[in-house]
Structure formats: structure tokens, C-alpha cells
Amino acid sequence: MVEIFVLTEHRQGQIRDITFEMLTKAHEIAGNTNAETTALILGKDVKDKAAALTEYAQKVILIEDQKLENFNSEFYQKVLTQLIKEHKPILTMIGHTSYGIELTPRLAAALNTPLATDCIDVNLENKTLHVTRQMYGGKVNVNAVLTQAESYMVTIRQAAFTAQKPQPPVNGQIIEKPSPLTEEPATKRFVQYVLPPPGGIDITAAEKLVSIGRGIKDQANMPIIEELANAIGAAIGCSRPIVDKGWLPNDRQVGSSGKTVKPKLYIAIGISGAFQHVLGMKNSDLIIAINKDPNAPIFNFSDYGIVDDLFKIVPVLKDKISELKS
Amino acid sequence: MNIIVCVKHVPETAEAELKIDASGKGIEKTGLVYDINEWDDYALEEAVRIKEKVGGTVTAITVGPSDADSTLRKCLARGADSAIRLTDPKFEGSDAYAIAKILHSVIKNMQYDLILTGLQAGDDGYAAVSQILAEMLGIPHATMVKKLELDNGSAKVNRELEGGLEEVLEIKLPALFAVSTGINEPRYVSIMGIRKAMQKEIKVLGLADTGLTEADVGEQGSWLKIEKLYVPPVEKQAELIKGSPEEVAEKIAEILKARGLI
């Protein structure tokens, strides 16, 4: 039976959502191509986690080892190389996440398996793999095809697919395998997790957020944003470039490498809307975006859009709001 | 400490309006401003900072057309000691795998303790060249590096995980690190630096110098072949509010009031 591999991503005892999103897509592809889905879970004391995967995959391969307690791409590569050589899956799916980015390109190179990264769609037709991905920060979609091979690999963007348990239930079988890892010393060692110290403001608790991006150009322009936020009674969040430049502390960052927020109001000012940012705010109740680029991806996720220079709009908006309140 | 920094010359598109070109496989490049890839800018700065601290050399290397010299000049002005440009019409259409092969063909013959790159490029966004290159060179690597400390033949790096969490890894040198934006604050280039950089030579190599064949590079040597570019379909189109700033502001204020948000 032809297999589609899905690598389970888990951290600190939690299976991450991307796993179920990929399993859902794998099940769909498997249905169209007469293949079956195999979830792989590598870790230490993860038997109970394997059980959750049986609802999505026909097979769950479980490998436990002390060395797999925390993610280490070096160990993962060794285990996966062996599994892929043994099973020859037509497709291996791994998350385009911090773990998947670290692991997958190197694994693909080692196995000489064609790889497409950061895919938002994947299709297998007559043993040819077609993918959709994005370029230029999400401004352009690309249809691409992988060079013909017996086995392919993809990394999948988070939230590209919606997780859904297959109907009828699959009731997959758990297959425990011995770890192939030896005592050979590693060149890469996990030391610890670090969580940056919390700052003064918890943007995840804010009911209203005014969020700024690259478009504000200069730290000297912050006061007009602060005045608007004060008028609305909103906290200030931001996209990644603002934190990179040190204009706001990192606990104000909205997005995949920052916080996920769901306020009643989210005003995105000068934010283009790269998917990493959108992941963190798209479930806000009301989203208003101000950006001078009419094709900025942020408008595809907003309720209201203003295509104009933020420096013309923001000060006037502050005045109008202050007027209406008084 | 001898450091190699891999950089890419890319169009700045964050605030530009993009159009798909007639071939349907690329974007219209006219009118776009090119510069060093944002992530690579941080990699270069990190390399120069390490050199300033412990001594050694920094070599900037790129795969790209002759226009990419402006990015290499910027690297030289910022503190790189030498620069290499890998240029050949046959390199066009290369994906992450083919680019890694081209870089590898040259880097494998160089002396280095550390290779630094940006996590990804702002144009194709593969986030894959560095890891493939590390595999080909047989050296350890880490990506999404937010902090880098060198200590006696090894490095302690902080990797960014999701949601603000980081992990600390210890990695033996020589190694390759693909850095995230924000790892440092890239310096401005001084006039002196630019003047000096103009005098430095950029070494240019082509396919014949790499030991690779035509089949190894370009579309032929790639895993991924682009078929079509298109504007992403809209999931939820924003209702556009049009008018003068006063009219627009008035409408937004009314929307907020109607929803009880002010």
C-alpha cells in the first residue's frame, strides 16, 4: 500500500495544530490516490499522544527514545531517514514551522527527495506532485511542479488547511518501532526553553488593538499612533519589523512568532499582512486596515479597508473619534 | 574566526505594487528597487560584529547577476573583507536546491569556522538553501537564530519557536546559522566605508569554475519548477472606504460608534 507520511509536531506535551491540519489534507490526497495515511510520532512517553492520532490516520508509527524528549533535528533526521528508506512513502508532510524549517530541507537533501517548502496547497496527480506556495511576502501565488520522483517531501504552512476528523472514523493502528538512535555523540544539543520576561501590557487581553507595521517608517511617527490609540482606548500592538527595530518590546508583536490576539477591534496601520502576522489576528471581531498599497494582502483579511497614506488618515481619524466621544 | 556570509540581491516589495510579467512566471522588475535581502543584512551584521570581537575575516558570497554587485559593495562597506559573485545565465531558474549546490561548489574549497545566512529571502521565501548547504558540507546548522554566543569551538544559539518561546541549543563549530531579523541592529554605512569598498575587488565565477554541469543548475538542476504566478484569490475582501481623509475618518468613527467600540 502506498503511504503518505505526516510528521507529528509536539512540544511540551502538546500536539501542535499543524499536525491535524496536515493529517486532514493527507487523508484527502490518500482518498484520491488509493494511498493510506501514516502519522509518525517521535518522542519520549508519547503513547497517549499516539492514541489521538488514530482518529486521523490508518497507521501511527510510534518511536520512543530518551533522546527524542525534546525536538532535535539531528536525531529526527536519523530516525526519519531510516523510516523513509524502509517505507518509501510517495509523500512526506512536515509543518513549515520552527521545527519543520530546521529539519526538512536537510532531510530532503540527505535523501535526495524533491522538496517544496511553505506550501499552501498540495496535489498528487499521476505520481506528479503539484504545489501552491507564495512569493514576495504573500503578494503573489505560485503554482509549481516538483521534478518527477518516487518520493516527495513538502513543508506545509500553518492554518493552510482546516483540521477535520475523517468520516467514517479511521481507527488507525499504532505500530511501535525500536529507536534506531545509537550512542554516537551529537553535534547539536538541546539545552532549555526560554520564555522572554513578560512586559507591562498583555495585548492578548486587550479588547481593542491599534497595530502598526513597517509603514510607519520612523520611530518619530509613534506619537500620532499613541494619540489614536488613546482616543479609542486601545492598546498598541505591532508586526515583526517594529520589534526588530526595537521600537516596541517583543510582547507587543502579533503573529506566529509573537502573540495570537482576538480583540473586538483590530486596526492594522501600515501592515502589509504577511501570513505570519495574519495568523495572529485574523480571528479578531472587526478588522480595519489602512495601507497605501491596494494589493496589500491585509485587505484580504479585513472587514474594512482604507487605501491611502496613513499619515493623512490617522491624525484626522483621531480628531473625529475624539469629537464623537465628547 | 573566518566567516562566510551568503547574501541575496532582491527587489524590495513590501510596499511596492507588483505586476505579473508577460511570461506569467515572474513579476515586472522595472521600477523596483533592489537591495540586500533583509534577513541577510542581519547575518552580515552578526558576522562583522563577531570579527570585530575576535578577529578573522568575513567573506560575502552571492549567486546573482552583475547588478548584485551593489549588494556585495554594501557588504564590503559594512565590514566584509572580500566578496564573491557567482554568475552564469545557466543559473537562472534555480530553486533552493540548485542554489545550495552552486554555493557548495565554491564554499567546500574555502577555509571557514562559521557560515551565516539569513533565514529566508524576501522574494521566493524558501527558507531552505542554508539547511541544504549545511547537509552538503556535512556541518551542523541551526535556523531562526535570534541570539548567537561563541564559546571555545562551540556556539550557544537561541532559536525562535512559535508564540514568543525560544529554545537554546549548543552546537559544535564549524557550523552554519540562518539568522532571524532582529538578532542585532544593522549599522549604517559610513561614507568612508563606501569609498573603501569601491576599491575592493569582487571575484566573479561562472558555471565553468564551479565544477558543476548544466544539468546541476537552473531549472534542470532544481526540485521545483514554477508554472504560473497569479494574484492570490481573496478570502474575505475588505469593504473599501473611499473619499477624502475627513470623509474616511468620519465613516470609520461612525462604524466604531455603531458597534459600541467608542
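Throughout, read-outs are computed from the coordinates displayed, never taken from laboratory work. All of these numbers come straight from a predicted model, not from anything done at the bench. Neighbour counts run over all protein chains shown; Cβ positions are idealised from the backbone, glycine included.
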Fraction of beta bridges assigned by DSSP in chain A that are antiparallel (%, nearest 5): 25 percent
With R₀ set to 30 angstrom, the calculated FRET efficiency between the beta-carbons of B:VAL33 and B:SER244, to the nearest 0.05, is 0.50
Taking a point 7 angstrom from the Cα of A:GLN164 along the C-beta vector, which residues in segment A:29-44 have backbone N less than 16 Å away? A:29-32
Equivalent-ellipsoid semi-axes of the protein assembly as shown, from the Cα gyration tensor, Å, largest first: 37, 32, 24
Is there a quick way to get the dipole size of the protein assembly as shown? I mean about its Cα centre, with the Cβ of Lys and Arg at +1 and of Asp and Glu at -1; what is the value in debye to the nearest 20? 440 debye
Based only on other Cβ atoms within 10 Å, what is the fewest-to-most ordering of A:THR162, A:THR155, B:THR87? A:THR162, B:THR87, A:THR155
What the Cα atoms of segment A:3-177 span along the principal axes, largest first and in whole Å, is 42, 37, 30
Take B:ALA215 and B:LYS236, extend 7 Å from each Cα along the Cα→Cβ direction, and tell me the distance between the two endpoints in nm. 5.1 nm
Report, to one decimal in Å, the Kirkwood hydrodynamic radius for segment B:2-216 based on all distinct Cα pairs. 17.7 Å
With B:LYS257 itself left out, Lys, Arg at +1 and Asp, Glu at -1 over residues whose Cβ is under 15 Å from its Cβ give +3
Where the centre of each part is set by its Cα atoms, how far does segment A:218-295 sit from segment A:105-130, in angstrom? 34 Å
For chain B, modelled as a Gaussian network with Cα springs under 10 Å, which listed residue fluctuates most, B:ALA96, B:ALA215, B:ALA128? B:ALA215
Please compute the average number of Cβ atoms from other chains found within 10 Å of each residue's Cβ in peptide A:190-203. 3
Within a 10 angstrom radius of the beta carbon, how do B:ILE132, B:ILE191, A:ILE90, A:ILE287 rank from fewest other beta carbons to most? B:ILE191, A:ILE90, A:ILE287, B:ILE132
Karplus-derived 3J(HN,Hα), 6.51/-1.76/1.60, for each residue of segment B:59-75, Hz, glycine and proline x: 10, 9, 9, 9, 10, x, x, 4, 4, 5, 4, 5, 5, 5, 4, 4, 4
For A:ARG214, A:ARG157, which order do you get if you count the other beta carbons within 10 Å of each Cβ and list the fewest first? A:ARG214, A:ARG157
Test of understanding: extend the Cα→C-beta vector of B:LEU165 to 7 Å, then name every residue of segment A:251-266 with backbone N under 14 Å from that spot. A:257-260
Share, in percent, of DSSP beta bridges within segment A:3-177 that are antiparallel, nearest 5: 35 percent
Could you tally the net charge around B:ARG78, taking each other residue with its Cβ under 10 Å from the Cβ of B:ARG78, Lys/Arg +1 and Asp/Glu -1? +1
Report the gain in length on full extension from A:GLN14 to A:ILE174: 0.36 nm times residue separation, minus Cα-Cα distance, nm rounded to one decimal. 55.7 nm
Here the FRET efficiency for A:LYS47 versus A:ALA149, based on Cβ atoms and R0 = 35 Å and rounded to 0.05, is 0.55
Return one number: the angle in degrees, 0 to 90 and rounded to the nearest 10, between the long axis of the Cα atoms of helix B:38-54 and the longest principal axis of the Cα atoms of chain B. 40 degrees
Select from B:ILE255, B:GLY163, B:THR30 the residue farthest towards the positive end of the dipole of the protein assembly as shown; place +1 on Cβ of Lys and Arg, -1 on Cβ of Asp and Glu, and compute about the Cα centre. B:GLY163
Go through A:ASN143, A:PRO168, A:LEU103 and say which Cα lies farthest out towards the positive end of the charge dipole of segment A:3-177; charges sit on Cβ, +1 for Lys and Arg, -1 for Asp and Glu. A:ASN143
For chain A, go through all pairs of different Cα atoms, get the mean of 1/r, take its inverse, and jot down that Kirkwood value in Å. 21.7 Å
For A:LYS264, which lysines qualify as cross-link partners when the Cα separation must be under 16 Å and same-chain residues fewer than eight apart are set aside? A:LYS208, A:LYS282, B:LYS257
Counting only DSSP beta bridges with both residues in the protein assembly as shown, what percent are antiparallel, rounded to the nearest 5? 35 percent
Treat every Asp and Glu Cβ in chain B as -1 and every Lys and Arg Cβ as +1, leave all other atoms uncharged, and give the resulting dipole magnitude about the Cα centre to the nearest 20 debye. 620 debye
Which lysines does A:LYS59 reach when only Cα atoms under 23 Å apart count, and residues fewer than 8 places away in its own chain are ignored? A:LYS25, A:LYS44, A:LYS47, A:LYS49, A:LYS78, A:LYS85, A:LYS88, A:LYS127, A:LYS165, A:LYS177
Please compute the Cα-Cα pair-distance distribution of segment A:25-107 with 5 Å bins starting at 0, giving whole percents from short to long. 3, 13, 23, 25, 24, 10, 2, 0
Within-13-Å neighbourhood charge of A:GLU207 [Cβ basis; K, R +1; D, E -1]: +2
Principal axis box of segment A:203-325, alpha-carbon based, largest edge first, Å: 37, 28, 27
